[in-house]
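One structure is given below, encoded as C-alpha cells.
None of the figures in this text is laboratory data; all of them are computed from the coordinates on show. Quick caveat: nothing in here was measured; it's all calculated off a predicted structure. Virtual Cβ from ideal backbone geometry, glycine too; neighbours counted across all protein chains shown.
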There are 2 protein chains.
Amino acid sequence: MKVAALAGGVGGAKLASGLEAALADGDLSVIVNTADDFELWGLHISPDLDTVMYTLAGIANPETGWGVEGETFDSLGMLGNYGEDTWFLLGDKDIATHVLRTGRLGRGESLTDIMASLSKALGVSSRVLPMSDERVATILDTPDGRLEFQEYFVRRRQRDEVLGVELRGIESSSPTGEVLEALSGAEAIIFCPSNPVVSIGPILEVPGMREAVAAASSAPKVAVSPIVGGKALKGPADRMLSSLGHESSAAGVARMYAGIVDGMLIDRSDEGERDEIESLGMRVLVTDAVMRDDGDRERLAHETLGFAEEISRSSGRVA
Amino acid sequence: MKVAALAGGVGGAKLASGLEAALADGDLSVIVNTADDFELWGLHISPDLDTVMYTLAGIANPETGWGVEGETFDSLGMLGNYGEDTWFLLGDKDIATHVLRTGRLGRGESLTDIMASLSKALGVSSRVLPMSDERVATILDTPDGRLEFQEYFVRRRQRDEVLGVELRGIESSSPTGEVLEALSGAEAIIFCPSNPVVSIGPILEVPGMREAVAAASSAPKVAVSPIVGGKALKGPADRMLSSLGHESSAAGVARMYAGIVDGMLIDRSDEGERDEIESLGMRVLVTDAVMRDDGDRERLAHETLGFAEEISRSSGRVA
C-alpha cells in the first residue's frame with residue numbers, strides 16, 4: 001500500500017516511523033515541512049527533515065525526539081569560545097548533516113536530491129521529501145515583534161504569543177516533482193499529528209499542494225489529531241491555535257482540515273467531539289492517540305492505515 | 001621589539017609561540033602561508049593559519065602539533081556514515097573554526113579580518129595574518145600526476161616524489177595591508193623553521209612580498225633552519241628539497257634564502273656547513289635548533305631575537 005504522509009517534526013516523525021514499520025519497504029513517502037529551515041553560521045539547517053530522517057534511520061535521540069542519539073557538543077562549545085551565541089543545540093553528528101547539505105546546495109544540488117542521498121546512506125527505505133526545493137521561511141508576529149521561527153521555537157522557548165504567521169516565499173514555491181508523484185501514486189494520504197499551523201499548514205500552503213492532495217481522489221485522506229484533551233502532545237500548537245483564533249481541540253484541528261481530510265483519528269479523551277467533527281463531513285476513529293513508545297507508533301500506524309482502508313471501501317473508492 | 005615572523009604549520013607555530021613568550025604583548029605578527037588552504041565539504045580550511053592560531057592560543061594538540069587538544073571526531077564519523085571519504089582528520093572543535101570562517105567569507109569578510117576576530121576570541125595577543133586574502137593553491141607534480149597539496153600531504157601521507165610545484169593563483173595575489181604594515185614596522189623579520197618550498201616559499205612568491213621584506217631595511221632578517229643533520233624535523237621538506245634539485249641541508253636552505261636573509265640559525269650537527277653558508281653572505285649562529293618542549297621554543301626564540309639584535313648592531317642598522 002503506497003502511502004504519502006505529511007509531517008513536521010517530532011510527532012510527525014514518530015507516526016512516520018510507525019507507518020514505515022507497517023508498510024512494505026519503499027511504500028512510504030514522507031512530505032516534510034521545510035518552512036522552519038534556517039541558516040546558522042552559513043549552514044542550511046532543516047530541522048523537520050532531519051528529525052524525520054534521523055527517526056526513520058533509528059538514530060534519533062529518544063529523550064528529545066530530535067537530534068542524534070549519543071550526541072556530543074564539542075563544536076558548539078568551540079563556537080561558544082569564539083563568542084558565538086549557542087542557543088541552537090547543534091550536535092557534533094548533526095553538524096555533519098548541515099555541512100554536507102550546505103556544501104551540496106552550494107554546488108547547485110536540490111534539497112530533494114540531497115535528502116535522498118543522505119537518507120539512503122543512513123539506511124532509510126522511505127522517501128524523505130522536502131515539500132518544496134524553494135526556500136520558505138516562517139515568520140511569527142508576536143507582541144515583541146516579528147520573530148523567525150527558530151528564534152521563537154528554540155531561543156525563546158515558544159514563550160511568545162503568536163498573533164500571526166507569515167510564510168515568506170511561499171507564493172513562489174512549488175511542490176517538487178517527487179512530492180507530486182508521491183501524492184498521485186498514494187493509496188492513502190496521512191496527515192501526521194504535527195502542528196496544523198506551522199508544520200502541516202505550510203505544506204498545504206505551497207501553491208498547488210492542496211490541489212495535488214485533492215486530485216489523488218482514490219486515496220483516502222486521514223489525519224491524526226495532534227491535540228489530545230485540548231493540549232498539544234508536544235510543542236506550542238495548543239497555545240498557537242488559541243491565539244490565532246482557532247479552537248485548541250481535536251474539533252478545532254478538524255475544522256482546519258475540513259474539505260480536504262476524509263477521516264480523523266482522535267483520542268478517547270476527545271470522544272465528546274466526535275459529533276462535531278462528523279458534522280464537518282469527516283469520519284472519526286476514536287483510539288489512544290498518544291505515542292509513548294515504538295509499540296504505540298506501530299499500533300497507531302496500523303489503526304490509521306486500517307481506518308484509511310475502511311474509508312476507501314465504504315466510499316467505493318478504488319484504492 | 002616589533003617582530004614579523006614568516007611561518008607555515010607546526011614548526012613555524014612552535015617558534016612563533018616561543019617568540020610570543022619572549023616579546024611584549026602585541027609585538028609579534030605572524031605572516032602565515034595560505035597556499036595549502038583548501039575546500040572540503042564546502043568548508044574553507046586553512047591548515048597553517050589554524051595551527052598557528054591554536055598553538056598561540058595554547059590549545060593545540062601537543063601530540064600532533066596540529067588540531068585542537070582533547071579533540072573528538074564525532075562529526076567526521078557521521079560524515080563517514082554518509083559515505084564520505086574521511087581522510088582529512090577534521091575534529092569537532094576544529095570544524096567550528098571552519099564553519100565560522102566559511103560563513104563569514106561567504107558574507108564577504110576578508111580572511112584577515114576573520115582570523116583577527118577568531119584569534120582575539122581565543123585570547124591570542126599576536127596578529128595571525130594570512131599572507132594574502134586572495135586564494136592561492138599549491139599543486140604538486142608527482143610521478144602519479146598532479147596532486148592538490150592536502151591530497152599529497154594528508155591523504156597520501158607525502159609518499160609521492162615531488163617533481164614540481166605550482167602556486168595556482170599566486171600571480172594575482174597580493175600581500176594584505178596588514179602584512180605590509182607588519183613588515184614595514186618590524187625591527188626583525190624571522191623566517192621560521194618551516195618548509196622553504198611549500199610554506200615559506202609561497203609567502204615570498206606573493207607578488208610584492210619579497211620586495212616588502214627587503215624594503216624593511218632596518219630590520220635584520222634571520223632564518224632558523226628547518227633542516228637538521230640533512231633531515232626535516234617534521235614533514236617532507238628534506239625529500240622535497242632533494243627531488244626539486246636543492247640540497248637537503250641547512251646550506252641548501254641558506255642558498256634558497258640568499259640575498260634576502262642576513263643570518264641563519266643552524267643546529268650544532270650542521271656546524272660543518274657554517275663556512276658554506278657564510279660564503280653566501282650570511283651570518284651564522286650555531287645552536288640547538290630542535291624544539292622538543294616549551295622551554296626549547298622560548299630558548300630558541302630568545303637566541304633568534306638576540307642574534308637579530310647582534311646583526312643589527314654590527315651592521316650599524318638603526319633597529
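Shape verdict for region A:34-97, please, from the Cα gyration tensor: rounded (a/c under 1.5), prolate (a/b greater than b/c) or oblate.
Working: a/c = 2.41, a/b = 1.38, b/c = 1.75.
Verdict is oblate for region A:34-97.
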Residues whose built amide H sits under 5 Å from the amide H of B:Val228, excluding neighbours closer than 5 in sequence, are B:Leu233
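Where Lys and Arg each count +1 and Asp and Glu each count -1, what net charge lies around B:Arg268 among other residues with Cβ under 15 Å from its Cβ? All intermediate terms of the calculation are to be shown ahead of the outcome.
On the way: positive: B:Lys231, B:Arg274, B:Arg292, B:Arg299; negative: B:Asp267, B:Asp270, B:Glu271, B:Glu273, B:Asp288, B:Asp296, B:Glu303.
That works out to -3.
Determine the percent antiparallel among the DSSP beta bridges restricted to the protein assembly as shown, to the nearest 5. List each step's numbers first, then the result.
On the way: 32 of 80 bridges.
If we restrict to bridges inside the protein assembly as shown, about 40 percent are antiparallel.
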Nearest 0.05, what FRET efficiency do A:Leu105 and B:Asp296 give at R0 = 45 Å with Cβ-Cβ as r?
0.45
Net +/- balance of residues flanking B:Ser249 in space, Cβ distance below 15 Å, scoring K and R +1, D and E -1
-4
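Above 18 Å lies some portion of the pair distances; for region A:1-112, what is it as a whole percent of all C-alpha pairs?
Working: 3340 of 6216 pairs.
Percentage above 18 Å: 54.
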Fluctuation leader among B:Ala24, B:Ala219, B:Ala137 - chain B, Gaussian network, Cα springs under 10 angstrom
B:Ala24
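Could you compute how fast the protein assembly as shown diffuses translationally, taking Rh as the Kirkwood radius over C-alpha pairs and applying Stokes-Einstein at 37 °C with viscosity 0.692 mPa s? Give it in µm² per second. Numbers along the way, then the final one.
Details: Rh = 27.7 Å.
Using the Kirkwood radius from Cα pairs, D works out to 119 µm²/s.
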Hey, how many Å between the Cα centroid of region A:159-183 and the Cα centroid of region B:228-248?
60
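Using a/c under 1.5 as the rounded threshold, could you call region A:126-227 rounded, prolate or oblate? The axes a ≥ b ≥ c are square roots of the C-alpha gyration tensor eigenvalues, and prolate needs a/b larger than b/c, oblate otherwise. Could the numbers behind the result be given before it?
Numbers: a/c = 2.52, a/b = 1.80, b/c = 1.40.
Prolate, because a/c is 1.5 or more and a/b exceeds b/c.
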Choose one of A:Ala212, A:Ala22, A:Pro175: the residue whose Cα lies farthest towards the positive end of the charge dipole of chain A (beta-carbon charges +1 Lys, Arg; -1 Asp, Glu; about the Cα centre).
A:Ala212
Whole-Hz couplings from phi, Karplus 6.51/-1.76/1.60, listed for region B:114-124; x for Gly and Pro:
5, 5, 4, 6, 5, 4, 4, 4, 8, x, 7
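Here are some pairs, B:Lys2/B:Lys234; A:Lys14/A:Lys93; A:Lys93/A:Lys120; which of them have Cα atoms lying more than 19 Å apart in this structure? Walk me through the numbers before you get to the answer.
Values: B:Lys2/B:Lys234 28 Å; A:Lys14/A:Lys93 21 Å; A:Lys93/A:Lys120 17 Å.
Cα-Cα > 19 Å for B:Lys2/B:Lys234; A:Lys14/A:Lys93; rest within.
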List the residues, sorted by chain then number, that are 5 or more residues from B:Val284 or on another chain and whose placed amide H is less than 5 Å from its amide H.
B:Met264
What spacing in nm lies between the two simple spin-label points modelled at A:Glu63 and A:Ser117, each 7 Å away from Cα in the Cβ direction?
3.3
Chain B: most fluctuating residue of B:Val154, B:Val32, B:Val290 per GNM, C-alpha cutoff 10 Å:
B:Val154
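With charges set only on the Cβ (+1 for Lys and Arg, -1 for Asp and Glu), what does the dipole of chain B come to about its Cα centre, in debye to the nearest 20?
Values: 29 positive and 51 negative charges, 55 e Å.
Dipole size: approximately 260 debye.
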Out of the DSSP beta bridges found with both residues in region B:1-56, what percent are antiparallel (nearest 5)?
40
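Over its Cα atoms, what ratio of radius of gyration to 2.2 N^0.38 Å does region B:76-189 give? Don't skip to the answer; put the middle values down first.
Numbers: Rg = 17.3 Å, N = 114, 2.2 N^0.38 = 13.3 Å.
Cα-based Rg divided by the globular estimate yields 1.30.
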If you count, for every residue in A:70-77, the Cβ atoms of partner chains within 10 Å of its Cβ, what is the mean?
5
Using the Karplus curve 6.51 cos²θ - 1.76 cosθ + 1.60 with θ = phi - 60°, work out ³J(HN,Hα) for each residue of region A:205-214 in order, rounded to whole Hz, and write x for Gly and Pro.
7, 4, x, x, 6, 4, 5, 5, 5, 5
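What is the mean projected area of the alpha carbon convex hull for chain B, to one decimal in square nanometres?
On the way: hull surface 61.1 nm².
Computing the convex hull of the Cα atoms and averaging its projections yields 15.3 nm².
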Computed on alpha carbon atoms, what radius of gyration and Dmax characterise region B:183-283, expressed in Å?
13.0, 37
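What does the structure give for A:36-42 when I average, per residue, the other chain Cβ atoms found within 10 Å of the residue Cβ?
Working: counts 0, 0, 0, 2, 2, 8, 11.
Shielding by partners across A:36-42 averages 3.
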Site B:Lys231, offset 7 angstrom along Cα→Cβ, radius 15 Å on amide nitrogen, limited to region B:5-19, gives none
Under a crude label model (7 Å from the Cα following the beta-carbon direction), how far is B:Ala258 from B:Glu278 in nanometres?
1.7
What are the nm distances, shortest first, from A:Arg268 to its equivalents in the other copies, labels at 7 Å along Cα→Cβ?
8.7
Three-way shape call for region B:233-319 based on the alpha-carbon gyration tensor, with the a/c threshold at 1.5
oblate
Sorting from shortest, the nanometre distances separating the label point of A:Lys231 (7 Å past Cα along the line to Cβ) from those of the same residue in the other copies are 7.0
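Residue by residue through A:96-105, how many Cβ atoms from other chains fall within 10 Å of the Cβ on average?
Values: counts 14, 5, 2, 14, 7, 2, 7, 6, 2, 1.
That average works out to 6.
Calculate how many DSSP beta bridges within chain B are antiparallel, expressed in % of all such bridges and rounded to the nearest 5. Let's see the in-between values first.
Numbers: 16 of 40 bridges.
Close to 40 percent.
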If amide H atoms are modeled at 1.01 Å from N in the peptide plane, then the residues at a separation of 5 or more from B:Phe191, or on another chain, having amide H under 5 Å from its own are B:Leu6, B:Val222, B:Ala223, B:Val224
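Please work out the ratio of the alpha-carbon Rg of region A:1-54 to 2.2 N^0.38 Å and round it to two decimals. Spell out each step's value before the answer.
Working: Rg = 12.3 Å, N = 54, 2.2 N^0.38 = 10.0 Å.
For region A:1-54, the normalised Cα radius of gyration is 1.23.
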Along the Cα→Cβ direction, 7 angstrom out, place labels at A:Val286 and B:Arg157. What is the inter-label distance in nm?
7.0
Could you go through region A:226-243 in sequence order and give the Karplus-derived ³J(HN,Hα) for each residue, using 6.51 cos²θ - 1.76 cosθ + 1.60 with θ = phi - 60°, rounded to whole Hz, and x for Gly and Pro?
x, 10, 10, x, x, 10, 6, 5, 8, x, x, 4, 4, 5, 5, 4, 4, 5
Nearest residue to the symmetry axis between A and B, taken on chain A by its Cβ, in whole Å:
A:Asp92, 2
